Every structure is written in structure tokens, then in C-alpha cells.
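Novice: For reference, the structure I am asking about is given below.
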Amino acid sequence: MKLDEFDFALPEDLIATRPARPRRAARLLVAEGDAIHDSRVTDLGTWLRAGDRLVLNDTRVIPARLAGRRHRAGGVGARIEVTLLEPQADGTWSALVKPLRKLREGEEITFASGLSAVLEGRGEGQARLRFNLAGEDFDAALDAAGAMPLPPYIAARRPADDRDREDYQTVWARRPGAVAAPTASLHFDEVVLADLAARGVTFSHVTLHVGAGTFLPVKVEDITTHRMHAEWGEVSEQVAAEIAATRAAGGRIIPVGTTALRLIETAARDTGEVAPWQGETDIFIYPGFAFRATDALMTNFHLPKSTLMMLVSALMGRERIAAIYAHAVAARYRFFSYGDASLLIPPPGPDNGQKAANR
């Protein structure tokens with residue numbers, strides 16, 4: 001299976017740098033059977049059924065991008081840019097640091113709001129930083145000093161600002177730890193949630209802390225040899241029971257976003273049914289994957305040659321996704337994290353005609 005099979009031409013002016021306002025005003029492409037419908041997120045409830053269950057990722061994006069200075073005796077402080085990745089068991093943080101080559105182990109970087117960090121180690125292009133604050137003091141200083149870690153295709157066009165602190169966070173965000181948003185969920189507001197609940201749609205919350213690796217390009221020609229980055233997630237006993245009850249009653253399980261989908265499919269790998277689960281997942285979903293937990297998916301429009309294009313191709317089929325994306329480009333849907341949404345409903349079947357390719 002070759003990387004070029006997941007490529008498509010995308011005009012740059014379709015890459016969204018700001019979200020729709022209000023959130024529910026975003027466009028919604030609905031692909032069901034052979035049909036493609038143009039709709040709006042505000043009308044999502046008309047495409048769902050009473051008894052359907054949406055699975056929502058409640059991770060909270062931290063303001064992980066920091067601008068600081070390295071200080072040396074007798075020298076001019078050099079500007080250092082830091083993007084936090086994830087906390088480590090020893091209290092340090094793994095981070096991307098630019099320029100890392102100019103920073104020595106033991107050197108201090110100072111940021112705003114009394115926050116500073118010392119470089120304790122490096123490896124595989126990442127740094128290990130120890131901050132001067134911990135716990136709630138660290139959280140407060142990071143909130144004051146940090147900026148939202150916008151995706152590279154947005155950050156290259158404009159810097160993050162105060163609007164992004166609201167725009168790049170879901171309305172149900174609860175558990176801090178992500179350095180990228182579960183972007184399909186950014187389309188929801190209280191109006192949409194209330195409308196769905198009134199129609200008999202139910203909700204379950206899971207957690208997958210989205211890492212910066214979600215933006216890493218696939219560099220191998222044979223995609224089956226690609227290795228995914230690992231991300232921490234949790235499916236509670238309550239959520240597993242809710243999904244089982246929905247299935248038993250004939251309702252559909254519809255993850256909102258590829259992060260929620262990857263997590264519940266991870267939790268269903270051992271038995272074929274979603275079970276309580278906690279840990280790191282590096283599940284890679286590409287055509288041939290046997291979906292055990294997912295009946296449909298709400299997601300944004302993804303980058304060419306990305307693992308997310310491979311995931312939606314696994315769900316819908318490569319030729320079908322090619323047609324869906326051709327329609328989206330021709331109809332000038334907005335792409336990527338701040339762009340429009342799609343509701344992908346594959347044909348019914350025990351495994352949608354797929355076989356397992358799980359890792």
C-alpha cells in the first residue's frame with residue numbers, strides 16, 4: 001500500500017486559519033451510502049437517530065508553546081522557543097526546543113510569569129526540561145506565559161492569540177494534557193448539544209491526550225511500515241457499559257474525531273467489544289482494518305498523505321474517500337483543524353467488508 005494512494009490536490013486558500021463563528025455555523029458534509037449531502041453542523045441532529053451515542057474526547061489543550069531566553073554569564077540572552085510534549089514520571093517534561101543545538105545541558109531558560117526551566121537531557125530531536133514550579137503553581141504560570149500550540153499549517157500563517165485560547169478548546173474540555181485539539185469537537189456548542197439531547201442522542205466522554213506527533217508526516221513509501229506515535233488515553237468502566245447498552249438497544253456508536261475513534265478501537269481490540277482501558281496507544285488504522293466499535297465518524301478534512309487520510313479511507317474505502325474529498329474541494333469546504341466537518345457513515349456490515357490489520 002503506497003503513500004501516493006492517499007494524496008490529493010488541495011488549493012492553499014481552502015486551509016482555514018480561523019474557525020467559523022458561531023461554531024455550529026461550520027459546514028457539514030454528510031456521506032451516506034452513495035450520496036453526498038451539503039449541510040451545516042447546526043443541523044447535525046437531522047442526520048442522527050434517537051438512541052445514537054456520540055463519543056467525545058474530553059482532553060484539554062494546555063498552552064504548551066513558550067517563548068523564553070537562554071542566559072549565559074557575559075553573553076547576550078538568546079531567544080529560545082519551547083513546545084511542551086508530555087510530562088515524564090521523574091517530573092521533567094519532554095519538549096521540542098528551537099534552537100536545541102545552541103542549548104547546553106544544565107543551562108536555564110527563563111520565561112514570563114516567573115517560569116523557568118533547566119535542560120537536563122536530549123535525544124531523538126527532543127529535550128528534557130525540568131521546571132522551577134510544580135503542581136498548581138506550574139499550571140498557573142504556564143497558563144499566563146504560554147500560547148496555544150496551533151498546528152504548523154496555521155502557525156506558519158499567523159501567531160496564536162487570545163482568540164485561540166477559546167477557539168482551540170472544546171466546550172467540554174476537562175482533563176489537561178493535550179498539545180493539539182480533538183478538532184472535530186470544536187464545532188460543538190451548547191446549542192448543538194442541547195438540540196442533540198432533545199432528539200434522543202446520548203454522549204460518552206473518553207480521554208486521549210493528543211500529542212504533537214499527530215502532525216508528523218508519513219515518510220515511508222510503504223505505509224504498512226509506518227510507526228505511530230503513542231498517546232495516553234482512558235476509557236472508563238462507565239463508558240464501556242454505556243457503549244454496550246447502546247449497541248444492545250440498536251443504537252450507533254459515533255466517535256467525534258479520529259482521536260476518540262482510535263481510543264475506542266484500541267479498547268475493543270482484545271475482545272471485539274469496548275472494555276475499560278487505560279494506557280498508551282499507538283494503533284495505526286489504514287485500509288484493511290476491522291472496525292469493532294465504530295459505526296460512523298464525525299471528523300474534519302485531513303492533510304494529504306496523512307495517517308488520518310488513511311484512517312478515513314479504512315472506514316469508507318479509498319475510492320469513496322477520493323470522491324468525498326473531490327466534492328469537498330469543488331464545493332470549497334474549509335480544511336484542517338479550524339475547517340469544516342464531515343459525517344462519514346459507511347455501509348452496514350459486520351466489519352464493513354474489512355479484515356484486521358491491527359497493531
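Novice: Among the residues of the stretch 1-41, what is the count of those that are open to solvent by less than 60 Å² (accessible area, probe 1.4 Å) and modelled with pLDDT of 95 or more? Show your work before the answer.
Specialist: Here is the first cut: in the stretch 1-41, the residues open to solvent by less than 60 Å² (accessible area, probe 1.4 Å) are 3, 6, 8, 10-11, 14-20, 23, 25-31, 33, 35-36, 39, 41.
Right, trim to modelled with pLDDT of 95 or more and you get 3, 6, 8, 10-11, 14-20, 23, 25-31, 35-36, 39, 41.
Qualifying residue count, the stretch 1-41: 24.
Novice: Same structure again: Does Arg122 satisfy the criteria of being in contact (Cβ under 8 Å) with a residue 40 or more places away in the chain, farther than 30 Å from His205 by Cα and either open to solvent by 30 Å² or more (accessible area, probe 1.4 Å) or in a strand (DSSP E or B) (or both)? Can you show your working first?
Specialist: Numbers: in contact (Cβ under 8 Å) with a residue 40 or more places away in the chain: no; farther than 30 Å from His205 by Cα: yes; either open to solvent by 30 Å² or more (accessible area, probe 1.4 Å) or in a strand (DSSP E or B) (or both): yes.
No, not satisfied.
Novice: Among the charged types (D, E, K, R) and either open to solvent by less than 20 Å² (accessible area, probe 1.4 Å) or not in a helix (DSSP H, G or I) (or both), is that true of Glu136? Walk me through it before giving the result.
Specialist: Details: among the charged types (D, E, K, R): yes; either open to solvent by less than 20 Å² (accessible area, probe 1.4 Å) or not in a helix (DSSP H, G or I) (or both): no.
No, not satisfied.
Novice: I need the full set of residues from the stretch 236-265 which are crowded, with 24+ Cβ neighbours inside 10 Å, touching a Gly at 6+ places or on another chain (Cβ under 9 Å) and among the hydroxyl-bearing types (Ser, Thr, Tyr), in order please.
Specialist: Thr259, the sole residue that qualifies.
Novice: Looking at (1) open to solvent by 10 Å² or more (accessible area, probe 1.4 Å); (2) modelled with pLDDT of 95 or more; (3) more than 23 Å from Ala31 (Cβ to Cβ), which one does Lys219 not meet, given that it meets all the others?
Specialist: (2)
One line per residue, one yes/no per condition, for (1) closer than 25 Å to Ile345 by Cβ; (2) out of contact with any Phe, Trp or Tyr (no Cβ under 7 Å at 6 or more places or on another chain); (3) not charged (D, E, K, R):
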| position | (1), (2), (3) |
| --- | --- |
| Glu221 | no, yes, no |
| Met228 | no, no, yes |
| Ala249 | yes, yes, yes |
| Ile254 | yes, yes, yes |
| Phe284 | yes, yes, yes |
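Novice: Cβ-Cβ distance below 6 Å, separation of 6 or more or different chains: which pairs start in the stretch 22-50 with a residue that is among the polar types (S, T, N, Q) and end on one that is open to solvent by less than 20 Å² (accessible area, probe 1.4 Å)?
Specialist: What qualifies is Ser39/Leu28; Ser39/Val30.
Novice: Now a separate question. Check Leu54 against each of (1) under 30 Å from Phe138 (Cα atoms); (2) within 23 Å of the chain's Cα centre (by Cα) and name the one condition it does not meet.
Specialist: Here Leu54 clears every test but (1).
Novice: Something else about it: Which numbered condition trips up Asp143, out of (1) closer than 15 Å to Arg65 by Cα; (2) open to solvent by less than 20 Å² (accessible area, probe 1.4 Å); (3) in a helix (DSSP H, G or I); (4) touching a residue at least 40 places away in the same chain (Cβ under 8 Å)?
Specialist: (2)
Novice: Select from the stretch 266-276 the residues that are closer than 23 Å to Met298 by Cβ, open to solvent by 60 Å² or more (accessible area, probe 1.4 Å) and not acidic (Asp, Glu) and list them in ascending order.
Specialist: Residue satisfying the conditions is Arg269 alone.
Novice: Another question, then. Quick test for you: out of Glu81, Glu86, pick the one residue that is open to solvent by 50 Å² or more (accessible area, probe 1.4 Å), assigned to a strand (DSSP E or B) and within 22 Å of Glu231 (Cβ to Cβ). Give the derivation first.
Specialist: Values: Glu81 fails: within 22 Å of Glu231 (Cβ to Cβ).
It is Glu86.
Novice: Go through the stretch 288-302 and report how many residues are out of contact with any Phe, Trp or Tyr (no Cβ under 7 Å at 6 or more places or on another chain) and either open to solvent by less than 20 Å² (accessible area, probe 1.4 Å) or hydrophobic (A, V, I, L, M, F, W, C) (or both). Outline the logic, then answer.
Specialist: As a first pass, look at the stretch 288-302 and keep what is out of contact with any Phe, Trp or Tyr (no Cβ under 7 Å at 6 or more places or on another chain): 288-299, 302.
Remaining after also requiring either open to solvent by less than 20 Å² (accessible area, probe 1.4 Å) or hydrophobic (A, V, I, L, M, F, W, C) (or both): 289-291, 293-294, 296-299, 302.
So the answer is 10.
Novice: Can we say Val201 is touching a Gly at 6+ places or on another chain (Cβ under 8 Å), under 20 Å from Glu86 (Cα atoms), open to solvent by less than 50 Å² (accessible area, probe 1.4 Å) and touching a residue at least 60 places away in the same chain (Cβ under 8 Å)? Break it down stepwise before answering.
Specialist: Values: touching a Gly at 6+ places or on another chain (Cβ under 8 Å): yes; under 20 Å from Glu86 (Cα atoms): no; open to solvent by less than 50 Å² (accessible area, probe 1.4 Å): yes; touching a residue at least 60 places away in the same chain (Cβ under 8 Å): yes.
No.
Novice: Among (1) farther than 27 Å from Pro19 by Cβ; (2) surrounded by 20 or more Cβ atoms within 10 Å (Cβ to Cβ), where does Gly114 come up short?
Specialist: (2)
The values are calculated or read from the model by the stated rules, or taken from the named source; none is laboratory data. Remember, predicted model here, so these are calculated numbers, not experimental data. We place every Cβ from the backbone using ideal geometry, glycine too, and count neighbours over all the protein chains shown. Calculation scope for accessible area: heavy atoms of the full protein, side chains included, ligands and nucleic acids excluded. Shrake-Rupley method; radii C 1.70, N 1.55, O 1.52, S 1.80 Å.
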